[in-house]
């Protein structure tokens, strides 16, 4: 029997607030609203969520690593246990195919379990110990021990394009909870039912794991005011966000204007340039065109790492690649987008390109009433691209712009003029890579992840992943929102000077009871 | 023969710009201007500095670790070689005693050498490797390798209270250069001659070490416009600052408003609360009073870690401590402050306290014409302190406020109401510490460093140091401006996916030619 949705925010374990404005979920592929009314969180609801998160924080951060890990694993179990109802609700709200959603659910639970493992292992706290030298002249050296501790309540904004893996129990929530922070999630209004189901799974896990009820809350809302209220609340200590540049920048600005500014980790997507070098074009231009088309149209182009720009040097092989690309995109079926707003944004982006760039090959006709979009590829020359800054801006959806350069020198200028990106890709032979070694140096300055002979879509969740990049890809290029290192975003160092052993956190005691990797007197050791 | 000062900014190895407004150095202990006129950097000079820093960056970051380390060591040698002229210029400009300046010079050169060591050892780049699993199902795992790389030009603002160790070749410059960034220093206008001498030592070191001339520039200026121009220049990629809350916040705001926001590491001082617990008061109240007075008056109170607030529970021992403190402060001689502006700020702060708090014991009369300030101690009850927020704000100089609480519960409220601080200190017996374990939990949320039975002045330069803290102590509590970890502020991660070995930076190659500590397939190893 399906769960009856509250249609409200969830604070301290239960539904609250039925006095805000309302909105309903929208089925993009059917073009109609459905399900219950959802009430916007009022300022009072937002305040209750943050106040309870602040109270719960003191209890939550006193929990052992084992208890926190158990909590994360309970969330994973409960999300899994939502079964088909979760998948069906998410499919109705996002039009993402069931298989994709199943995969995303697997990724979500895997992330929760991965962070449980990170917490259990424990070395993420970067324990650093410099022992006292009481005999040192002219002054004795004190005993100094430093480790990372959590911030306090973290606000997480659900992303529209990952209703599970970057939403209520997604990577931001998992890493913030793993670091010992309490969390208030602002649900994305495009999947309020999915958000509520997952939130209730988290709430149940908190209860099972004996966590304080304020450890997690969900606030619903469609209007920017709710988002701003969450960021501006004095109890909020950090923000995680995945979404558009406009929304991310608005939250960043609000956080920077606060009496006490707080960090905002906003991942705002990017054009993800792909450089295709002469050897690769000669050896496998058609294969590259096929891979490009697949990467651009995957998930109807709704990935932060979607390759929106392809750059190469003009010539015979480049011309052939372009023809092949046109052919492939012309044959591409339309795809259903996540919601009407995203589709509108895509159409506007395509029109913007079309005003400047004449050459375009588009896929089959798209049905706007079913939120469909047609894949398309544009092409232009480097002179035009360099002249029109707006050609370098992201168009979120299944389109890409191919830029042909007249010379290597022009290609260099295109590379040097790029904005910050999550990824930058090079296709080439080993010889190409040697010849274009300078291009790697340029792209290192532009992106967080450099891909060789692959496509940027598909973001591995592991220790070495860097999902981030210079502005406007993110508001904090020093961090990643994917992989184990994401936990570092939600912690800060504290140093204990001359504390007796028993007053130190276990992570910093001489005995190293948790067998952490630590830097002791400048030497890495587990002893 | 003394060096003839240029009195100008230094860009690309030489003096530039004589068309800006002028200002002169001021000898605080003699109350008069001296030395040559210094020209303010015009916007054109600032642009030249940043443009040359951006050009030099591509060459500088290609230098080997050994070359960068050699450059840092050459700076240390050249600063040392400035000899007495540097010490005398600094003494005239800051009124800091020669012994203190000698110590500070030693710290400055030691920091440069320390970072040379960090660069040579190399593990600071946090190399992380996840090797490919081509057979993995359903999709192969790519090869992913991540490390830290530099940002680009870093702007460093010299501090008035550390004319050497936190100025031109101080900790921010040393750590930014060590990470591979080029640097533009905005000299503090209170010690322009000292700044020029050190800048010329850095420029000479760059030449000796074969570095591009844009690797380091110095801009002079007294007006806020020069500082803002440096932060707002599009080539600037990060900012290091030590100084007042007002100036630091202004730079932070300017950086956040930029089209491309950049990180600002502003260390803006704090009240550095000291909690004195009952056992410590009983056992050694007089000794504590003596230590407190010494810490408060050290360097005429001009340290970011100056203890400006003392909190205890009222009672007989507390009363005796208060009397002893009054006696000690009454006997304290006046001290010369760094400059007239700082003295004025101190007088205003003291007057602000005096309007609210009646009880005050002050030191000997101070001579304003010689920029002197009298040490003083205020005392009040917790009810007044909790009622008047302004009592919790930093007064930069040799004063402290003692707050007597009627109960442990009141002490808890004082602790919980504190603003962010660089440090928080507890004096107590081991029994006190057990009883007040909750106080440690509260103070962890308020400060970057917790000191037990010591005083916060005196900041050890080592791996475990944390010199930073929640706002308003700094604009980025995730970082430290002292110790080896300071280098992490000026770098960001980049991940290489499926790159051939020879195209990877040496730090990420299988062979590990530099023998770094690396996280390989989730295991720390030097192999």
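The values are calculated or read from the model by the stated rules, or taken from the named source; none is laboratory data. Source: prediction; values computed, not measured. Neighbour counts are summed over all protein chains in view; Cβ atoms, including those assigned to glycine, are modelled from backbone coordinates with ideal geometry.
Of the numbered conditions (1) over 18 Å from residue B:52 (Cβ atoms); (2) surrounded by fewer than 24 Cβ atoms within 10 Å (Cβ to Cβ), residue B:213 satisfies every one except a single condition; which is it?
(1)
For segment A:166-184, check the following and say yes or no: at least one residue is surrounded by 24 or more Cβ atoms within 10 Å (Cβ to Cβ), modelled with pLDDT of 95 or more and assigned to a strand (DSSP E or B).
yes
Only one of (1) more than 9 Å from chain A (Cβ to nearest Cβ); (2) in contact (Cβ under 8 Å) with a residue 40 or more places away in the chain; (3) surrounded by fewer than 20 Cβ atoms within 10 Å (Cβ to Cβ) is not met by residue B:417, so which one is it?
(2)
Please state which one of B:127, B:116 is closer than 30 Å to residue B:525 by Cα and within 14 Å of another protein chain (Cβ to nearest Cβ).
B:127
Could you list, in sequence order, all residues of segment A:388-409 that are at pLDDT 95 or above and in a helix (DSSP H, G or I)?
Of everything in segment A:388-409, those that are at pLDDT 95 or above and in a helix (DSSP H, G or I) turn out to be A:408, A:409.
Hey, does segment A:313-328 have a residue that's under 18 Å from residue A:277 (Cβ atoms), more than 22 Å from the chain's Cα centre (by Cα) and either buried (at least 23 other Cβ atoms within 10 Å of the Cβ) or at pLDDT below 95 (or both)?
Checked segment A:313-328: at least one residue is under 18 Å from residue A:277 (Cβ atoms), more than 22 Å from the chain's Cα centre (by Cα) and either buried (at least 23 other Cβ atoms within 10 Å of the Cβ) or at pLDDT below 95 (or both).
Tell me which of these residue B:515 doesn't satisfy, since it passes every other one: (1) more than 7 Å from chain A (Cβ to nearest Cβ); (2) assigned to a loop (DSSP other than H, G, I, E, B); (3) in contact with a strand residue (DSSP E or B) (Cβ under 8 Å, 6 or more places away or on another chain).
Just one mismatch for residue B:515, condition (3).
Any chance segment A:130-149 includes a residue that's part of a loop (DSSP other than H, G, I, E, B), more than 30 Å from residue A:302 (Cβ to Cβ), away from chain B (no Cβ under 14 Å) and free of Cβ contacts under 8 Å to residues at least 12 places away in the same chain? Outline the logic, then answer.
Restricting attention to segment A:130-149, the residues satisfying the condition of being part of a loop (DSSP other than H, G, I, E, B) are A:131-132, A:134-140, A:142-143.
Keeping just the survivors that are more than 30 Å from residue A:302 (Cβ to Cβ) gives A:131-132, A:134-140, A:142-143.
Then drop every residue that is not away from chain B (no Cβ under 14 Å), which leaves A:135.
Narrowing further to those that are free of Cβ contacts under 8 Å to residues at least 12 places away in the same chain: A:135.
Looking for residues that are part of a loop (DSSP other than H, G, I, E, B), more than 30 Å from residue A:302 (Cβ to Cβ), away from chain B (no Cβ under 14 Å) and free of Cβ contacts under 8 Å to residues at least 12 places away in the same chain, one finds at least one in segment A:130-149, hence yes.
Within segment B:499-512, restricting attention to residues that are within 7 Å of chain A (Cβ to nearest Cβ) and surrounded by 15 or more Cβ atoms within 10 Å (Cβ to Cβ), which residue is nearest to residue A:437 (Cα to Cα)? Before the answer, list the steps.
Taking segment B:499-512 as the starting set, the residues that turn out to be within 7 Å of chain A (Cβ to nearest Cβ) are B:499-500, B:503.
Next, from what is left, pick out any that are surrounded by 15 or more Cβ atoms within 10 Å (Cβ to Cβ): B:499, B:503.
Working: B:499: 12, B:503: 8 Å.
It comes out as B:503.
Based on what the data block shows, is residue A:440 outside any helix (DSSP H, G or I), more than 15 Å from the chain's Cα centre (by Cα) and within 7 Å of chain B (Cβ to nearest Cβ)?
Details: outside any helix (DSSP H, G or I): no; more than 15 Å from the chain's Cα centre (by Cα): yes; within 7 Å of chain B (Cβ to nearest Cβ): yes.
No, not satisfied.
Report whether or not residue B:282 is within 13 Å of chain A (Cβ to nearest Cβ) and surrounded by fewer than 23 Cβ atoms within 10 Å (Cβ to Cβ).
Taking the combined requirement at face value, the residue does not satisfy it.
For segment A:298-320, what are the residues that are on the phi < 0 side of the Ramachandran plot and either out of contact with any strand residue (DSSP E or B) (no Cβ under 7 Å at 6 or more places or on another chain) or free of Cβ contacts under 8 Å to residues at least 60 places away in the same chain (or both)?
Those that are on the phi < 0 side of the Ramachandran plot and either out of contact with any strand residue (DSSP E or B) (no Cβ under 7 Å at 6 or more places or on another chain) or free of Cβ contacts under 8 Å to residues at least 60 places away in the same chain (or both): A:298, A:302, A:303, A:306, A:316, A:317, A:319, A:320.
So if I check each of B:499, B:452, which one is more than 25 Å from residue A:421 (Cβ to Cβ) and more than 20 Å from the chain's Cα centre (by Cα)? I'd like the intermediate steps shown before the answer.
Details: B:499 fails: more than 25 Å from residue A:421 (Cβ to Cβ).
Answer to the check: B:452.
Look through segment B:462-481, keep the residues that are touching a helix residue (DSSP H, G or I) at 6+ places or on another chain (Cβ under 6 Å) and surrounded by fewer than 24 Cβ atoms within 10 Å (Cβ to Cβ), and return whichever of them is nearest to the other protein chains (Cβ to nearest Cβ).
B:463
Could you please let me know if residue B:196 is away from every other protein chain (no Cβ under 14 Å), at pLDDT 95 or above and surrounded by fewer than 24 Cβ atoms within 10 Å (Cβ to Cβ)? Walk me through it before giving the result.
On the way: away from every other protein chain (no Cβ under 14 Å): yes; at pLDDT 95 or above: yes; surrounded by fewer than 24 Cβ atoms within 10 Å (Cβ to Cβ): no.
No, not satisfied.
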